[in-house]
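Student: Sharing a structure below in structure tokens format, with a few things to ask.
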Amino acid sequence: MLEARLEQASILKKVVDAIKDLVQDCNFDCNDSGIALQAMDNSHVALVSMMLKAEGFSPYRCDRNIALGVNLTSLTKVLRAAQGDDILTIKAEDAPDVMNLLFESSGEDRISEYDLKLMDIDQEHLGIPETEYAATITMPSAEFRRICTDLAAMSESVGIEASKDGVKFSCNGDIGNGSVTLRSHTSIDKPELNVDIELTEPVSLTFSLKYLVNFCKAAALSNQVKICLSSEVPLLVEYNLSGSSYLRFYLAPKIGDDE
Amino acid sequence: MARTRSAKPSTAAPAADTDSIKSKSAITLVPHTGEPPKVFILPSKATPEARIVTLPNPRTSQPARYLACPDTGIYEFKRIAAPKSEPRSWLIEATPTSNESKASGAAGPGSQVTMGSELFVATALDPLFLVLPALADVKASKGSKKPKRLFLSSDDHLDKLPQESSHLSDILRWDATRRLIESRMSAVCDAVDAGDEQMFRLNEDKLLEAIYQKAKRMSEGGLPPSMEDKFVNKVLEAPLMHRVVRTESQVTSNPDSGTSTPQTDSATSQSTVSSAETDASSVSQTSTAATSVAEVQADESIVSALQASPEIVQLQKLKTAFEFICASYVPPELADTLKQSFTGTGGPVDFSLLNDYIASLEKLRSEMLAVRAQDYSRKRNMDEEEDEARMEKKRKMEEEKKKKASESRGVRELKKVNTSGMKKLSHFFQKK
């Protein structure tokens, strides 16, 4: 039996909005530590990993490990019924056929309830090791989204080059080339605009912009985004949710001459 | 000719069972337990010593029920039942004068209705088929192309039949039955005398000849109408010429006419038809409408594109009969080789006439199909096949649509992204 009450339904709504364009169906794995999700896109070059910790819910109860296989497009349709400040309660039996979603308006004068049919999804889980990245860039999520969309207009892929001077996003397309360079920046008034670059060694990698633009749909979840790079390993883009909950995206780098 | 009994005459236990239920039902309605009584028609020539026994089925080697009579041989049970769509029951009347109630001493009129509408008719079975799996030694010869068969005594052969729940050894104690089986064995086997015993070895040529004779008799006596319709007439039926297509409906509206085969020589064809009919009525099958036969034939001599001669029809009947026997009584492994040697060159009958006819028929059919496909005037009554193909296409489209609806625009667009040079994530991360 699962019962999880989320004060802000919008969190789940934004998470699902961010990943529904990357994966079609996925399992929400519920256990006593929280609700986790891991899924890859159709081409298996990108991976999304979400963790909603039990502390983020009040109350949270999960007696047994339950996998809720959901079609994200369908879930979006149900979540569309939620108002921004609704309280969401997710309920499911131990061997569920449906997932029950209950939306209460904050004034508790409107209650809407939905049952979403579940599906059996065969998914392989990848073990993701803790990695020491060569470069870790923390920057405003809106800024990252802007850079990605701007460069995506010119080219399919972006080169990300982190050095002691800063981080340079550059692209080379049919109509020309372009680049955006960011330097470390600390603002006392507006800490959400800080740009922080931690570097152990310079690194330069190329990524598909279409995927990065897709990741940026999660910008609504958090003001800041953390981008971690090391050569020869997938890029990590992490959005922190409330507490230690997170939404992470991994993307395989482009290797080879065909940039 | 045949007498009907309301219960298995030989097995005493079930009979007593049903009787006890009958007597109780006069007072209270006892929920019916156990098997409902079955209705059997037994041959009148079978002696009272006849028993219902379990023997391995020659085709499947599974235990099946047979009626064995020490004097007249072995009978198999044919089940005759109404189709599921027409539920029927038996009303079994137990009059005090009937043999059973006298014998068991049950009093009172305990008539009863059984749910099943099945009728089991015991028909004579050549014991040859029962021993055939042992003679052919199908299990042992599996794998090797040419089985090496040894001369063995009849007992050694019969030991090879499946022993579980088989009463074979019991009925072999009847001398007449044993003699019968051995005489049938010698009909298809090479035999040698070894001391006071006879040793047998299966001779496939003899077996082929024996089955051929059976098939010949079966086809000459006329096949049952339903069989003739499906395997003889349907196969030989030529497509109707397209210009006189209106008469087609007349032909199909007479499904039990039994002779939609195109035949010019009406004298011979009529004679085979009538013989088939008398045969059919004697075994109480649905009789055919004789009047419609002539009428349809008159039409068909105009419309049919190709006509089968009586010889061809006879050949097809023979082939059907042979295949029926093989499919019903001969182990599958043996049936294949038999069929090959029967229809192949060097067989007892020359099938070239029939094969030529069927080949030309095939050609004609494909031509007709091609003509129809181009014919715009037939747009409205499309072929079933075309219909099916269209439905399939539609179904596929719907499925695709549904699948599309369940994936978001973003997912669809990501499919188009050029991922060359990007390794799969399973390359970096280990599978759990």
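The values are calculated or read from the model by the stated rules, or taken from the named source; none is laboratory data. Everything quoted here is computed from the prediction, not taken from an experiment. Counting neighbours? That spans all protein chains shown, and the Cβs are built from the backbone with ideal geometry, glycine included. Quick note on the areas: whole protein, heavy atoms, side chains included, nothing else; ligands and nucleic acids left out. Shrake-Rupley method; radii C 1.70, N 1.55, O 1.52, S 1.80 Å.
Student: Just the accessible area per residue of chain A, please: how many Å² with a 1.4 Å probe? Mind dumping the intermediate values first?
Tutor: On the way: 12140 Å² over 259 residues.
That works out to 47 Å² for each residue.
Student: Further question: Find the sum over both chains of the accessible area lost when B and A are paired, probe 1.4 Å, and report it in Å² to the nearest 100.
Tutor: Working: alone 27270 and 13350 Å², together 38050 Å².
Accessible area lost upon association: around 2600 Å².
Student: Here is a further query. How many angstrom separate the Cα center of the range A:151-175 from the Cα center of the range A:47-95?
Tutor: Taking the Cα centre of each part, the range A:151-175 and the range A:47-95 sit 37 Å apart.
Student: Output ³J(HN,Hα) for the range A:222-239: one whole-Hz value per residue in order, computed from phi by the Karplus curve 6.51 cos²θ - 1.76 cosθ + 1.60 with θ = phi - 60°, and x for Gly and Pro.
Tutor: Residue by residue, the range A:222-239 yields 8, 6, 10, 10, 10, 10, 10, 10, 8, 5, 6, 10, x, 6, 10, 10, 10, 10 Hz.
Student: Give me the percent relative contact order of chain A, please, defined on Cα pairs under 8 angstrom at least 6 residues apart.
Tutor: Details: 597 pairs, mean separation 52.5, N = 259.
Once normalised by length, the contact order is 20 percent.
Student: Put A:Tyr114, A:Tyr133, B:Tyr75 in order of accessible area, largest first, 1.4 Å probe: what do you get? Don't skip to the end; give the middle numbers.
Tutor: Values: A:Tyr114 85, A:Tyr133 40, B:Tyr75 5 Å².
Of A:Tyr114, A:Tyr133, B:Tyr75, the descending order of accessible area is A:Tyr114, A:Tyr133, B:Tyr75.
Student: I need the shape label for the range A:119-257. Rule: rounded when a/c is under 1.5, else prolate if a/b > b/c, else oblate, with a, b, c from the alpha carbon gyration tensor. Don't skip to the end; give the middle numbers.
Tutor: Values: a/c = 1.37, a/b = 1.09, b/c = 1.26.
Verdict is rounded for the range A:119-257.
Student: Follow-up. Per-residue ellipticity at 222 nm for chain A, helices alone: DSSP H runs ≥ 4 residues times -39500 (n - 2.57), over residue total, nearest 500 deg cm²/dmol? Don't skip to the answer; put the middle values down first.
Tutor: Working: 4 runs with 38 residues, N = 259.
My calculation for chain A gives -4000 deg cm²/dmol from helical runs alone.
Student: Taking amide H atoms as placed 1.01 Å from N in the peptide plane, list the residues 5 or more away in sequence, or in a different chain, whose amide H sits under 5 Å from that of A:Leu68.
Tutor: Excluding prolines and chain starts, which carry no amide H, the hits are A:Phe28, A:Asp29, A:Cys30.
Student: Sort B:400-406, A:167-173 for me by packing, meaning the mean count of neighbouring Cβ atoms within 10 Å per residue, highest on top. Present the calculation step by step, with values, prior to reporting the outcome.
Tutor: Working: B:400-406: 10.9, A:167-173: 18.7.
Highest to lowest by the protection proxy: A:167-173, B:400-406.
Student: Using a 10 Å cut-off on Cβ to Cβ distances, tally the other chain neighbours for every residue of A:36-46 and report the average as a whole number. All intermediate terms of the calculation are to be shown ahead of the outcome.
Tutor: Working: counts 0, 0, 1, 0, 4, 7, 7, 7, 7, 9, 5.
Partner Cβ neighbours, averaged per residue: 4.
Student: I would also like to ask the following. Go from 0 up to the bin containing the longest alpha carbon distance in the range B:385-432, width 5 Å each, and give me the % of pairs per bin.
Tutor: Result, from short to long distances: 4, 16, 12, 13, 13, 14, 11, 8, 5, 3, 1 percent.
Student: Highest mean first, what order results for B:387-398, B:201-212 on Cβ atoms within 10 Å?
Tutor: Working: B:387-398: 10.4, B:201-212: 17.2.
So the peptides B:387-398, B:201-212, ranked by packing, come out B:201-212, B:387-398.
Student: When the Kirkwood radius is taken over all Cα pairs of chain A, what Stokes-Einstein diffusion coefficient follows at 37 °C and 0.692 mPa s, in µm²/s? Let's see the in-between values first.
Tutor: On the way: Rh = 19.5 Å.
Roughly 168 µm²/s, to the nearest whole number.
Student: For peptide B:403-416, how many partner chain Cβ atoms fall within 10 Å of a residue's Cβ, on average?
Tutor: Details: counts 1, 0, 3, 7, 9, 11, 3, 13, 11, 3, 3, 12, 3, 1.
Mean number of neighbouring Cβ atoms from other chains: 6.
Student: Would you tell me the mean number of C-beta atoms belonging to other protein chains that fall within 10 Å of each C-beta in A:155-162, as a whole number? Show your work: numbers first, answer last.
Tutor: Values: counts 0, 2, 3, 0, 0, 0, 0, 0.
The shielding value for this peptide is 1.
Student: Still on this model: So what are the range A:148-216's ellipsoid semi-axes, whole angstrom, largest first, if each one is the square root of 5 times an eigenvalue of the alpha-carbon gyration tensor?
Tutor: On the way: eigenvalues 109, 44, 24 Å².
Each semi-axis is the square root of five times an eigenvalue, giving 23, 15, 11 Å.
Student: With N denoting the number of residues in the range A:126-186, provide Rg(C-alpha) divided by 2.2 N^0.38 Å, to two decimal places. The partial results should precede the final answer.
Tutor: Numbers: Rg = 13.5 Å, N = 61, 2.2 N^0.38 = 10.5 Å.
Cα Rg divided by the expected 2.2 N^0.38 Å: 1.29.
Student: Give the peptides A:217-229, A:143-155 in descending order of average Cβ contacts within 10 Å, highest first.
Tutor: Working: A:217-229: 20.7, A:143-155: 17.8.
Descending packing order for the listed peptides: A:217-229, A:143-155.
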